[in-house]
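The values are calculated or read from the model by the stated rules, or taken from the named source; none is laboratory data. Just so it is clear, the structure is predicted and the values come from calculations on it, not from any experiment. Please note: Cβ atoms are built from the backbone with ideal geometry, for glycine as well, and neighbour counts cover all protein chains shown.
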Amino acid sequence: MSRSRLPRDLWTVVAPLVAAVALALTWGSHPSPALAVLLGVVLAGAVLASVHHAEVIARRVGEPFGSLVLAVAVTVIEVALIVTLMVSGGPKTGTLARDTVFAAVMITCNGVLGLSLAVGALRRREAVFSAEGSGAALGTVATLATLSLVLPTFTTSRPGPQFSPAQLAFAATASLALYLLFVITQTVRHREDFLPVGVEDGAVDEDEGAPPPGNRAAWTSLGLLVVALVAVVGLAKIESGPIEDGVAAAGFPSSAVGVVIALLVLLPETLAAVRAARRDHVQTSINLGLGSAIASIGLTIPAIALASIWLEGPLVLGLGTTQIVLLTITVLMGALTVLPGRATIQQAGIHLVLFSAFLFLAVSP
């Protein structure tokens, strides 16, 4: 790296390290309002740094591997946090996995997708992407969400929206199998379907023709990406205390806390998706959004099924009526959006309205 570039890029190294130190010093505490604001600034720096390092890795390995790295890294850390909270939280956290996964699906399939399509459509009148790759991703999201979050509401082996142990084992196995199958389809069998439209297979010049970084730079960015994402998720957990206080003071339901935390955790992917759309790589944005939803369900449900051996109290996975309606219309409109292979500002607006409806109903059920 040249001397002229060092001062400009140094913050991307410092921000994750500062965030990691802040996480270590404040873990397990309930910060004061002033400290919570300071931690929020540190968290924002870690988010921006994680997006930078994810883009470095993407330029080195090419698409769709770049978006896959970020989606999987965020999800693995998020799953570890969910399992830890559920094991230590007792029966009161019985709906945590359901609420977190559903929030992730709504944020990615409506918020991230809507923002990306809006940016792409405003630049080129139409956002253009691969119908085959996007359709396969959306179909996987719909199947995973139905098997893991809708069916428990209607099964009769257990009272309430719960799976029996055998049903949970089947849902976990099916979720993991579908996730692995999608990864193979995305990266090996039909990789061309997940490349930005107009970019040939194997192209890595995503940064306006700049040469791809070397192996050393890519590995360094991978390490800093992991540090940044651990800090983002950990600081989001620490900020949950002040967030709970704010939610309670505003008179909102406690479930809104999970939505706020999910928004914070998914910030890196959201920013990365919008930046990709600004470069006319809308397919990369869709890979990030729908890929994150697939990873969230496909990795969380197996992990929760395994952790259920130690969990106390019920494990509630079934969605309520309002949530099922939102999920259904999201899948329906998502199909109408991605199958033509192009979308206008109208489709973007529909998804953003659905995202707004999700947020509104989270605070005003």
Which members of the range 307-333 meet the condition of being more than 14 Å from residue 153 (Cβ to Cβ) and modelled with pLDDT of 95 or more?
-> 329, 330, 331, 332, 333
Only one residue in 119, 112, 128 is among the aliphatic types (A, V, I, L, M), within 26 Å of residue 320 (Cα to Cα) and in contact (Cβ under 8 Å) with a residue 24 or more places away in the chain. Which one?
-> 112
Among the listed residues 233, 259, which satisfies the condition of being of a type in the set (A, V, I, L, M, F, W, C), under 23 Å from residue 356 (Cβ atoms) and surrounded by 19 or more Cβ atoms within 10 Å (Cβ to Cβ)?
-> 259
Of the residues 174, 231, 203, 210, which single one is within 29 Å of residue 141 (Cα to Cα), at pLDDT below 75 and of a type outside the set (Asp, Glu)?
-> 203
Hits in the range 27-62 - residues which are in contact with a Gly (Cβ under 9 Å, 6 or more places away or on another chain), over 20 Å from residue 272 (Cβ atoms) and surrounded by 12 or more Cβ atoms within 10 Å (Cβ to Cβ) = 30, 31, 36
Subset of the range 25-51 [of a type outside the set (Ser, Thr, Tyr) and either in contact with a strand residue (DSSP E or B) (Cβ under 7 Å, 6 or more places away or on another chain) or not in a helix (DSSP H, G or I) (or both)] = 27, 28, 30, 31
